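*Asks:* One structure coming up, written as structure tokens, with questions to follow.
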Amino acid sequence: MLAIAVHDCGGGSGYGGSTLTPVDPPSAAPPMLTPVASIPLSGSAASGLAEAAGWLWVTHFQASVLSQVDPDTDAEVARVEVGPNAGSVTAIGPQLWIGQYADRPQDSRLTRVDPLTAVVTGHVQSPNLCCEVAGAAGRVWAVDPRGALLSIDPARGRVVGSTSVALDPNVHVGLVGDERALWLSSDTSPLLKIDPTSARVIASFDVGGGIPMAIAHDLVWGASPHQVWAVDPASNEIRVRLPLENTIETLNLAVSGDALWVGARRPGYVGVVLRFDLASQRLTGEAAVSLPGRLLAAFGSVWIVDWDTNRLLRFD
């Protein structure tokens, strides 16, 4: 496993006094988890997932539709035409923002959808695009994987700023954020903490690899192929390190109540979802999911999009 060194704003290193007790190996194999609902969707290659206006929304990378799902009936109830290559969907304020990635950078764009009316309300051209977008300080933030954090004015519908950042475009790239800070990295580059007011990098961390994936329980959660980590945004200290066994890729994660859910791949590219108890860090269950591209805790359940089967799975 890679060693982790954390540099706070003052340039110090270490874990800031935060040490977790090693977890003994479980005495028995964890139970297999079964979804309480498996929802077929229109389109192909379900990829992004968000919650807004009482609905769940799923993008499809190999289709041009956005699926609207009713969490009460576990059914797709409508489709919105958004154009091709919809990789991610993020709820920011009253709008959904869909990241559309293309082989040609000039074809990348963001599409805005009103979740109350299920109507496309605008497009923003981007010089290039990858991964999730985030909202902070009245701006929408997106990533050009060639090495830039893009600031977008939602009212004007265009890119208004660009900050150079060190990224590896050939591996996973992740961006999350809130009003306190934006968090950005690629699998092989340091985790960057960025002030959304000034768009300046204010801290850089060596977390041992991996990308940020979620903000939950007042921590920034991320993962590499072999571990999950969580950073305290107030102190810049690592609060959680959880080793992952027999995994070659971590795709996404979600935190729900007292549980951590991780979508990953085993050797041979076998998809799996792992559930851990947050307090003990013990593995408490796993589910076979062919390609768990996105996980979301919402409406009292954990929802997982399976790219390969183009289904939305619900776990309680």
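*Asks:* For the range 56-70, enumerate the residues that are touching a residue at least 24 places away in the same chain (Cβ under 8 Å) and either crowded, with 21+ Cβ neighbours inside 10 Å or in contact with a Lys or Arg (Cβ under 8 Å, 6 or more places away or on another chain) (or both).
*Replies:* 56, 57, 58, 59, 60, 66, 67, 68, 69
*Asks:* Name the pairs whose Cβ atoms lie under 6 Å apart, with the first residue in the range 72-90 and modelled with pLDDT of 95 or more, the second acidic (Asp, Glu), and 6 or more positions between them or separate chains?
*Replies:* As it stands, the answer is 77/70; 88/132; 90/132, since those pairs meet every condition given.
*Asks:* To continue, here is another question. Yes or no: the range 118-128 includes at least one residue that is over 13 Å from residue 66 (Cβ atoms), without any contact (Cβ under 8 Å) to a residue 40 or more places away in the chain, out of contact with any strand residue (DSSP E or B) (no Cβ under 9 Å at 6 or more places or on another chain) and of a type outside the set (Gly, Ala, Ser).
*Replies:* no
*Asks:* Next question. Going by the structure shown, is residue 19 modelled with pLDDT of 95 or more, more than 20 Å from the chain's Cα centre (by Cα) and of a type outside the set (A, V, I, L, M)?
*Replies:* Values: modelled with pLDDT of 95 or more: no; more than 20 Å from the chain's Cα centre (by Cα): yes; of a type outside the set (A, V, I, L, M): yes.
For residue 19, the condition - modelled with pLDDT of 95 or more, more than 20 Å from the chain's Cα centre (by Cα) and of a type outside the set (A, V, I, L, M) - is not met.
*Asks:* Taking interchain pairs and intrachain pairs at least six residues apart, which have beta carbon atoms under 6 angstrom, with the first residue in the range 31-50 and in contact (Cβ under 8 Å) with a residue 40 or more places away in the chain and over 14 Å from residue 261 (Cβ atoms) and the second of a type in the set (S, T, N, Q) and crowded, with 20+ Cβ neighbours inside 10 Å?
*Replies:* 41/67; 41/310; 44/310; 46/310; 47/59; 48/59; 48/88; 50/90
*Asks:* Right, something else. Quick one: residue 243 ticks every box in (1) under 19 Å from residue 210 (Cα atoms); (2) crowded, with 21+ Cβ neighbours inside 10 Å; (3) out of contact with any Ser or Thr (no Cβ under 9 Å at 6 or more places or on another chain) except a single one, so which number is it?
*Replies:* (2)
*Asks:* Residue 234 fails exactly one of the following numbered conditions: (1) buried (at least 18 other Cβ atoms within 10 Å of the Cβ); (2) outside any strand (DSSP E or B); (3) among the aliphatic types (A, V, I, L, M). What is the number of that condition?
*Replies:* (1)
*Asks:* I'd like to know if the range 181-198 contains one or more residues that are surrounded by fewer than 21 Cβ atoms within 10 Å (Cβ to Cβ), among the hydrophobic types (A, V, I, L, M, F, W, C) and touching a Ser or Thr at 6+ places or on another chain (Cβ under 6 Å).
*Replies:* No, that holds for no residue.
*Asks:* Let me ask something else about it. Which number in (1) β-branched (Val, Ile, Thr); (2) surrounded by 19 or more Cβ atoms within 10 Å (Cβ to Cβ); (3) touching a Gly at 6+ places or on another chain (Cβ under 9 Å) marks the one condition that residue 173 misses?
*Replies:* (3)
*Asks:* Let me ask you something else. Consider the range 89-131. How many of its residues are closer than 16 Å to residue 55 by Cα, polar (S, T, N, Q) and surrounded by 16 or more Cβ atoms within 10 Å (Cβ to Cβ)?
*Replies:* Residues flagged as closer than 16 Å to residue 55 by Cα, polar (S, T, N, Q) and surrounded by 16 or more Cβ atoms within 10 Å (Cβ to Cβ) within the range 89-131 amount to 2.
*Asks:* While we're on this one: If you scan the range 187-231, which residues turn out to be outside any strand (DSSP E or B) and more than 18 Å from residue 167 (Cα to Cα)?
*Replies:* Those that are outside any strand (DSSP E or B) and more than 18 Å from residue 167 (Cα to Cα): 196, 197, 198, 217, 218, 226.
*Asks:* Continuing with the same structure: Considering each of 289, 305 in turn, give the residue that is crowded, with 21+ Cβ neighbours inside 10 Å, in a loop (DSSP other than H, G, I, E, B) and touching a residue at least 24 places away in the same chain (Cβ under 8 Å). If you could, list the steps in order and put the result at the bottom.
*Replies:* Values: 305 fails: in a loop (DSSP other than H, G, I, E, B).
The unique qualifying residue is 289.
*Asks:* A follow-up question, please. Please go through the range 43-74 and pick out each residue that is within 14 Å of residue 304 (Cα to Cα) and of a type in the set (A, V, I, L, M).
*Replies:* 45, 46, 49, 50, 56, 58, 69
*Asks:* Another question about this same structure. Within the range 263-282, is even one residue of a type in the set (S, T, N, Q), part of a strand (DSSP E or B) and buried (at least 17 other Cβ atoms within 10 Å of the Cβ)?
*Replies:* First, pick out the residues of the range 263-282 that are of a type in the set (S, T, N, Q): 280-281.
With part of a strand (DSSP E or B) added as a condition, the list becomes none.
There is no residue in the range 263-282 that is of a type in the set (S, T, N, Q), part of a strand (DSSP E or B) and buried (at least 17 other Cβ atoms within 10 Å of the Cβ).
*Asks:* So, one more: Name the residues in the range 200-231 that are surrounded by fewer than 18 Cβ atoms within 10 Å (Cβ to Cβ), at positive phi and of a type outside the set (D, E, K, R), would you?
*Replies:* The one that is surrounded by fewer than 18 Cβ atoms within 10 Å (Cβ to Cβ), at positive phi and of a type outside the set (D, E, K, R): 217.
The values are calculated or read from the model by the stated rules, or taken from the named source; none is laboratory data. These figures come from a predicted structure and were not determined experimentally. As a convention, Cβ positions derive from the backbone with ideal geometry for all residues, glycine included, and neighbour counts pool all protein chains shown.
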